[in-house]
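No lab work stands behind these numbers, since they all come straight from the coordinates. Remember, it's a predicted structure, so these values are computed and weren't measured experimentally. No Cβ is skipped: glycine too gets one built from the backbone with ideal geometry, and neighbour counts run over all protein chains shown.
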Amino acid sequence: MSVPVVFVSVSPRSPSGSSNHITPANESALRHSGVAQREILLAALHIPNSQLGCNFNKKWPIFDHETFLTSNATVRQLLECSTIRVVRCIPVRDRNISAAEMPDVHRMNGSAPVQQLDEISSLMFLRERAEYRPHLISVYFLEGGMTESASSIRAHILSCLADNPAFAVRLAKVPMRFGHPFWAPLAAIDADTHIRFRAVSGRGDWQALRSDLVELLEAPMDPTRPLWEVHVLTGFEDESAAPGGRTIVAVKVHHGVMDGLGLARFAGHLFTEAAMHPQKVNGTRANSAPPIDARVRLRTAARNAAAQFLGFPRELTSLRNLKRRYDASVARGERPGIRQTAPGTVFNGPTQGRRVFNAAWFPLKEVQALRTLAPGATLNDVALTVIAGAIREYLSSKGTLPDEALLCGVPMSLRNSEEPVLGNTLTGLCVDLHTNVADPIDRLHRISGSSYWEKQRVREFGAVIGSGALALKLPPFILDLILKGEEAAAVKGERVTGANTVVTNIPRSRHVRYFATSRVLRTCGLISLNPGIGLKHEISSLGDLVSISVLANSDQLDAPDFYIQCLSNEFGRLMSARATEPVR
């Protein structure tokens, strides 16, 4: 049976699938807050609400993440449904699609898949400069040396990653940057370009590996190829840093392709729970679809931009209403207000330094035990408290600790699925680190409370309340001019961004135990810096260890080894406090 279709990208609002109507204010808040956790493609508009539950999104291909609404009457009815949130609607004219064709509905009129980047992913490419490469790296330490050949390991990697949507797509820009780029399929990839083998440089110790990883992070990626790489580094030996570790697997992606959790899941496909010999390649995935014609990209981008422009007044009204509701809630004492600006620190001033990287590992069992010091505290709250204490000690030793507490940007994933997707499905929190509080247990209580209220604010009112949300709706060529102005001010130290540092938690999959026949011992990660924020951290856990990885500019964190010691010192203070003070 054939049905007329409109492609509508939607997200689940409620796992219960209830059909209660929601008020326009609530619908607006949900749309801007990012409560929806992933996209599903609703193709047949006459599917009953009862079929829009958790199982529905497994039956349709993933589409994109641009947000706009059409005036189609049926789509307006969808807006009344409490189980979904309309994110995108693209009419397909003069064509009926049978149910049998639905799995490939993202192929429009026989052309290549037309998938436009979401706003955040597009922003990552706009922000790329020679001094700022928005890349992510997940690092895994393997026990012993590699016993398999390089060709066998390369074949194994290709086989593990071939089904991921990032495996064989490249960036396809829109002429004149009139709209966000698209993902274009490739018929084949060059395995040697994406999978590389080398020895750790120099003495092969932790210091040499740290330099090698920074070099990998800063190396530009070719946008005409798929934006992922796997590096296998052999000859590592440093018992003080990673006992037993001899081989390193570093998985690198462009942040515009996926977020941190997406990288963890992408890399996770390389690992298994039990040892296994490398898989043989049955032929890497090839896309037979032709490249996306520039006219198709421009036409689609123009249509989407027009829809965004027409929806701009509604977006503005919605944001104003959210701001009024939030301010009223704060005035009634229902929640604390958010701080608008961060204090100035050395981490946020001008820099000419090179990147430096380091990491520290802590027993997971002990980190979990520290959560009992503050009821309701999460592992992330404990890590934030350790980082806050380390920053406090480090800046105090330099005589530059501000009286006002530092603010921390904390990305929060909105994914609720194990399925791989392209793009960035995340939002941002701004958590008070309470670096002006000396007592570590008191600081843990305060950070736990600040983190809780930030999550509540984002869920109810959205991550961005103000002009920032609207700026993302602008065409890339205009947004790029705004970004350049802001970055120039940040580089000169003329303004401090909304955060002094960034801490992101990227948990590894529980299946990460073996790479082929080699046991995985521990992990760490690198996230790129950007103008105005010269210190970033990644928290990750694997097995019985939690890692805190640190990337900074050398002239802003001129003693990275001392900073790692500060992390260990603060962790020790928390452990001592737990042993001597009653649980509050």
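Overall, segment 336-580 carries a charge dipole of about 520 debye about its Cα centre when +1 sits on the Cβ of Lys and Arg and -1 on the Cβ of Asp and Glu, all other atoms neutral. Checking the Cα-Cα distances for LYS323/LYS536; LYS323/LYS398; LYS252/LYS455; LYS365/LYS398; LYS173/LYS455; LYS252/LYS398 against a 31 Å cut-off, the pairs over it are LYS323/LYS398; LYS365/LYS398; LYS173/LYS455; LYS252/LYS398.
Kindly state, to the nearest 0.05, the FRET efficiency for ARG324 paired with LYS455, given R0 = 35 Å and r defined as their beta-carbon distance.
According to the calculation, E is roughly 0.95.
Summing Cβ point charges (Lys, Arg +1; Asp, Glu -1) relative to the Cα centre of segment 188-288 gives a dipole of roughly 320 debye. Think of each Lys and Arg Cβ as +1 and each Asp and Glu Cβ as -1; about the Cα centre, that makes the dipole of segment 115-294 roughly 420 debye. Here the mean projected area of the convex hull built on the C-alpha positions of segment 115-294 is 11.3 nm².
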